[in-house]
Amino acid sequence: MPINKLAACHKLAGAVLTIQLLFSVTVSQTQQFNYDEAKVGAYTLPDPLVMMNGRKVASPRDWAKRRQEILRLFETNVYGRTQKSTTRISFAETSRDPKALGGLATRKEVTVFLTGKKDGPKMNVLFFLPNNRKQPAPVFIGLNFNGNQAVSNDPGIALAASWLRDAKDTGAVNNRATEKSRGTESSRWAIEMIVKRGYAVATIYNGDLFPDHKDGLKESVIPVFYRKGQTALEAYDWNAIGAWAWGLSRAVDYIERDKDLDAKRIALIGHSRLGKAALWAGAQDERFALVISNESGEGGAALARRNFGETVERINTSFPHWFCGNFKKYNRDVAALPTDQHMLLTLIAPRPLYIASAQEDQWADPHGEFLSAKAADPVYRLLGTDGLGANEMPGLHQPITTTIGHHIRAGKHDVTNYDWEQFLNFADKHLRRNH
Ligand code: GCU
């Protein structure tokens, strides 16, 4: 065969091979994730009511000990250990508009100095307080994805100063917020509805605590709290989710000192990755009176052992900065985890907990989220509550409002007004006045 023909032949063969390779990569990538309930396979969940020494947890008193064990397991194996800060926060109000939302609310912004020092790390908390209130307002608090200016079109809100993901939906340029980034996340924050129902809204940009990218550590709050001589993370150290959760607790430190707000009635909400952070914050800090997970999925409410949708390996690969180093050890051996996510939910017991899923969000495994809530139910019952009032996952739009609440709605991965209506109803029912 003439040389040029041979080359052409090789080229063709190469092209075919490339196409085949591309094809097999795509196929294996889609096949890697199971969306077939029949193919989930068998798994055994660790029992939250059995101590590590094999003893049964039979009373709320036993549970107090078991709870500590479970917390330590999550710290060591999943989210990492939160470094204790030895300093107290300080804060400064930076803006106030008593006639926000057409007079319905007072909008204010508070900078929280996380080590108490003005030149140390800080986060900005945005508040909307209902003007129509006679006593301190209960609060819905949650992190946001795109900066405080993204949750509302109110032009008075300061633009986030920290790193922002460059994408059309964030309105960021060179990783900084611009005027275009105002309101880009507002459909997920039913602020007017919340305020009209008598609740304050508090939100913080997660990037103020840990910029959400794989090199975000150095700009995060974590290095500020390195132990003496520490220069890198140990496998058991906190990471992005730990830092986000920690920031939520620092916001509670502030709320406790604000007489407009009722620190005994704080409902913590988080969507998706921020739902994972909300659950972890609610697990560690019992000052959150109620916790809501919206489509938190893998590493959030969904059971890790269920082979459905996102996997531990995939989350650790795509987002190596979210969980602690040790969690990566379980990438291919989820059964070896001493925890599963139902145990995270038990750490919130007996406080009201709401798990919300969306039908088209199969990546987050709605059924796995429900089963996780179900597996947390025995702890809720041991502690004297009515637990989760359903044995099977209900159909669409049939909210459960027992102490573990739940709904699955039609539609995509998102936070909608339907979701907020259920969260508000749940909070009205469970966040009773404590005084
Ligand atoms: C990705 C990730 C999820 C996460 C989601 C989100 O899809 O795989 O685990 O919950 O992003 O935060 O929107």
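The values are calculated or read from the model by the stated rules, or taken from the named source; none is laboratory data. Only a predicted model underlies this, so the values are computations on that prediction, with no experimental measurement involved. Glycine gets a Cβ as well: all are built from the backbone with ideal geometry, and neighbour counts include every protein chain shown.
So the values come out like this:
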read-out: Considering residues of the stretch 310-337 that are under 22 Å from Pro366 (Cα atoms) and of a type in the set (Gly, Ala, Ser) only, the residue farthest from the ligand (Cβ to nearest atom); value: Ala335
read-out: Arg265 vs. criteria away from the ligand (no atom under 14 Å from the Cβ), in contact with a Pro (Cβ under 6 Å, 6 or more places away or on another chain) and of a type in the set (Lys, Arg); value: yes
read-out: Criterion violated by Trp244 - all others in (1) part of a helix (DSSP H, G or I); (2) more than 12 Å from the ligand (Cβ to nearest atom) satisfied; value: (2)
read-out: Residue that is at pLDDT 95 or above, of a type in the set (Gly, Ala, Ser) and either more than 16 Å from the ligand (Cβ to nearest atom) or part of a helix (DSSP H, G or I) (or both), where the choices are Gly405, Gly411; value: Gly405
read-out: Residue list for the stretch 73-105, filter: acidic (Asp, Glu) and more than 22 Å from His342 (Cβ to Cβ); value: Glu93, Asp97
read-out: Members of the stretch 376-402 found to be of a type in the set (A, V, I, L, M, F, W, C) and either more than 24 Å from Asp340 (Cα to Cα) or not in a helix (DSSP H, G or I) (or both), listed by number; value: Leu383, Leu388, Ala390, Met393, Leu396, Ile400
read-out: So Asp419, is it in contact (Cβ under 8 Å) with a residue 40 or more places away in the chain, in a helix (DSSP H, G or I), of a type in the set (D, E, K, R) and farther than 30 Å from His213 by Cα; value: no
read-out: Strands (runs of 3 or more DSSP E) lying entirely in the stretch 88-171 (those with 3 or more residues that are in contact with a Phe, Trp or Tyr (Cβ under 6 Å, 6 or more places away or on another chain) and over 20 Å from His271 (Cβ atoms)); value: 105-113
read-out: The stretch 146-170: number of residues that are touching a Ser or Thr at 6+ places or on another chain (Cβ under 9 Å) and at pLDDT 95 or above; value: 14
read-out: Residues of the stretch 36-78 classified as surrounded by fewer than 12 Cβ atoms within 10 Å (Cβ to Cβ), closer than 26 Å to Thr311 by Cα and in contact with a helix residue (DSSP H, G or I) (Cβ under 9 Å, 6 or more places away or on another chain), total; value: 2
read-out: The listed residue being over 30 Å from Lys329 (Cα atoms), out of contact with any Cys (no Cβ under 9 Å at 6 or more places or on another chain) and not hydrophobic (A, V, I, L, M, F, W, C), out of Asp253, Asp212; value: Asp253
read-out: Condition check for Asn326: outside any loop (DSSP other than H, G, I, E, B) and surrounded by fewer than 20 Cβ atoms within 10 Å (Cβ to Cβ); value: yes
read-out: Lys429 surrounded by fewer than 16 Cβ atoms within 10 Å (Cβ to Cβ) and within 16 Å of the ligand (Cβ to nearest atom); value: no
read-out: Considering residues of the stretch 274-309 that are aromatic (Phe, Trp, Tyr) and either more than 14 Å from the ligand (Cβ to nearest atom) or more than 23 Å from Glu360 (Cβ to Cβ) (or both) only, the residue surrounded by the most Cβ atoms within 10 Å (Cβ to Cβ); value: Trp280
read-out: Qualifying position, being among the charged types (D, E, K, R) and either within 26 Å of Asp419 (Cα to Cα) or crowded, with 23+ Cβ neighbours inside 10 Å (or both), among Asp212, Asp166, Asp253; value: Asp212
read-out: The stretch 30-76, residues that are under 25 Å from Trp280 (Cα atoms) and hydroxyl-bearing (Ser, Thr, Tyr); value: Tyr43, Thr44, Ser59, Thr76
read-out: Ser249 in contact with an Asp or Glu (Cβ under 6 Å, 6 or more places away or on another chain) and not in a loop (DSSP other than H, G, I, E, B); value: yes
read-out: Inter-residue pairs, beta-carbon under 7 Å, first under 18 Å from Leu303 (Cβ atoms) and in the stretch 252-281, second among the acidic types (Asp, Glu) and within 16 Å of the ligand (Cβ to nearest atom), 6+ apart; value: Ser272/Glu295; Gly275/Glu295
read-out: Of all residues making up the stretch 414-435, the number that are of a type in the set (D, E, K, R), more than 20 Å from the chain's Cα centre (by Cα) and modelled with pLDDT of 95 or more; value: 2
read-out: Pairs, first under 13 Å from Arg273 (Cα atoms) in the stretch 297-319, second more than 7 Å from the ligand (Cβ to nearest atom) and among the β-branched types (Val, Ile, Thr), C-beta under 6 Å, six or more apart; value: Ala301/Ile355
read-out: Among the candidates Lys228, Lys214, residue that is assigned to a loop (DSSP other than H, G, I, E, B) and in contact with a Pro (Cβ under 6 Å, 6 or more places away or on another chain); value: Lys214
read-out: Test: residue in the stretch 378-387 that is without any contact (Cβ under 8 Å) to a residue 60 or more places away in the chain, buried (at least 18 other Cβ atoms within 10 Å of the Cβ) and not polar (S, T, N, Q); value: yes
